[in-house]
Structures are given as structure tokens and as C-alpha cells.
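Each remark here refers to the structure printed beneath this line.
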Amino acid sequence: MNSFTGKRLLALVRGGDYAHAGEEEAIDRVFANLPKRSDQWLLDVGCGRGGTADYVRRGGWGRVVGIDRDGDSLAYARSRYPEVAFAAGDVREAPRLLFQRFALVYMLNAFYAFEAQREALAALRQVAEEGAELLIFDYLDRGGFQDDPLVVNGRSIIPHPIEREAICGKLAETGWKLVSTEDLHREYGHWYAALLSRIEARAPEVIAVEGKESLDHLRAVYRGILRKIERGLLGGVLLNCAAV
């Protein structure tokens, strides 16, 4: 669901320009213990249609820049949220594309889609201030998911979930240190059950916008994710990291 069309349908179903689990409830959870400072810069990685970046800005956490490689979604974000700055490009190009240094870098259900996760983390370290924080809110392979992945219409839906044994090494190799983890398995189950209910409630609108095939795809993706969560193969996690 990382295409422009997919993000647009998710925004329709979620009732806001979000493409991550939990929408505003999840943002509040991720940012609950972070100081609000109008003078600090925050980087939203994989910002999509810009809803999360604007929610963070309006919440008073600081000045926000979003980066995403989907130019169509960024064109929408720039027109819809003019008080947020947006940069178009691959996250690995962040040092070339961005001129600020950031006190906080965050990713909400974006990291799993990165083929080159180490390179992405290294690039983000280059645009982070000394002592900056990195928050990664994402899918967690709880054991067995890689052996039984979710594939819909021949495509891997969650290609690179976080693996506990591998993530510390990736962080350490790229200038980050894992400070704490918070397991969100129960919350992910709740959020995806709620999302499936919303899909059914808004099915006629989805069909009107993109057709029955798109509705069937949405159902298959999010029913599949929920089943993996219920089987204990997949969950959610919040990683709090620090620049070193």
C-alpha cells in the first residue's frame, strides 16, 4: 500500500492522511514522553501524504520536515500542509537533500519497506544532531514470520520487518544505540481489527474511488496482517534510539 493510490485509499479509510497503524492514537503513544520545543527540527521519514508530520507540528513538538520518494503524494502534502516542509527523494539521499540537522528523526511504519536498511540508518545519522533521538515504530517479526511471510497477488506485503537479533547490529554499525524497546503486539492487533471494520464501513466509497478490485486488495492485505498478528508471528514495536 505504498503507492500513491494505496496511500489515498488508506487515507480515505482511516479518516486522515495517515498510512501507519493506529493513526493519531499511535502518534500520541510514540511522542508521549518527548519534550515540546518550538525551536527543534524533526524529520518524518516516509512521510507519505503528510498527515503525521502536520499532526506533530500542530502538537507543538517542533518544526517538521518530511521526506518521501513518492512525488505524487508529496505534491498532495505540499498543497494540503503548507506549514510543513517536504523533500522528495530516497532516504539514502537525505544528506544531499536536507540542509537542517535534526534533534529527532522518526519513522512510523516506513522502515519495513526499506530494502537497504543499513544505508538508510547511516544516511539519517548524517543529518542528525549530536545526541539526537531516533524513533522507529514498525512491524516486528516475533518469530516465524520470515518463514511464513504475507504475500498478496505475488507481492510481499511486509518485506523487511524488524528482527530483534539483527536490529542492534544495524544500529551500532550506523552510529545509533538502542536505548529502549516497547512491545506493541496487543496494540497492533487492536488497531488492525479496527482498520478492517473501517474498510467494511467505507467499502462503497472505496469502490466508487478505485473499484471493487482495490477493495478486495485492501481486505486481503489487512486481513492477512491481522491473521499474522493473531498467530503470534507478527507484531509491533517502538524502538527508542540515540545518536552516538
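Bear in mind that the values in this text are calculations on the coordinates, not laboratory data. Note that this is a predicted model, so its numbers are computed, not measured. In this analysis, Cβ positions are derived from the backbone assuming ideal geometry, glycine residues included, and neighbour counts consider all displayed protein chains.
List of remarks:
- Separation of the Ser156 and Glu83 label points, Cα + 7 Å toward Cβ, nm: 4.0 nm
- Centre separation in Å (Cα based) which lies between segment 66-120 and segment 148-227: 20 Å
- Averaging 1/r over every pair of different alpha carbons in segment 153-199 and inverting the result gives a Kirkwood radius of 13.6 Å.
- Spatially proximal lysines relative to Lys177 (Cα-Cα < 30 Å; intrachain offsets below 8 disregarded): Lys36, Lys228
- Each residue of segment 171-182 is assigned a 3J(HN,Hα), and the resulting list reads 5, 4, 6, 10, x, 10, 10, 6, 9, 7, 10, 10 Hz, derived from the Karplus form 6.51 cos²θ - 1.76 cosθ + 1.60 (θ = phi - 60°), x at Gly and Pro.
- Applying D = kT/(6 pi eta Rh) to segment 131-244, where Rh is the Kirkwood radius over alpha-carbon pairs, T corresponds to 37 °C and eta to 0.692 mPa s, the Stokes-Einstein value obtained is 210 µm²/s.
- Taking a sphere under 11 Å around the Cβ of Gly143 and counting the other residues whose Cβ falls inside, with K and R at +1 and D and E at -1, yields a net charge of -2.
- Debye intensity ratio I(q)/I(0), log10, segment 4-243, q values 0.08, 0.14, 0.15, 0.17 Å⁻¹ (C-alpha model): -0.28, -0.91, -1.06, -1.37
- Rounded to 5, the percent of DSSP beta bridges in the chain classed as antiparallel: 45 percent
- Relative contact order for segment 4-243: 20 percent, from Cα pairs under 8 Å spaced at least 6 residues apart, divided by residue count.
- With the charge dipole of segment 197-244 set up from +1 on Lys and Arg Cβ and -1 on Asp and Glu Cβ about the Cα centre, the Cα lying farthest toward the positive end among the listed residues Leu233, Leu215, Pro204 is that of Leu233.
- Residues with amide H under 5 Å from that of Leu233, placed H, sequence gap 5 or more: none
- Each stretch of four or more DSSP H residues adds -39500 (n - 2.57); spread over every residue of the chain, this sum gives -13000 deg cm²/dmol at 222 nm.
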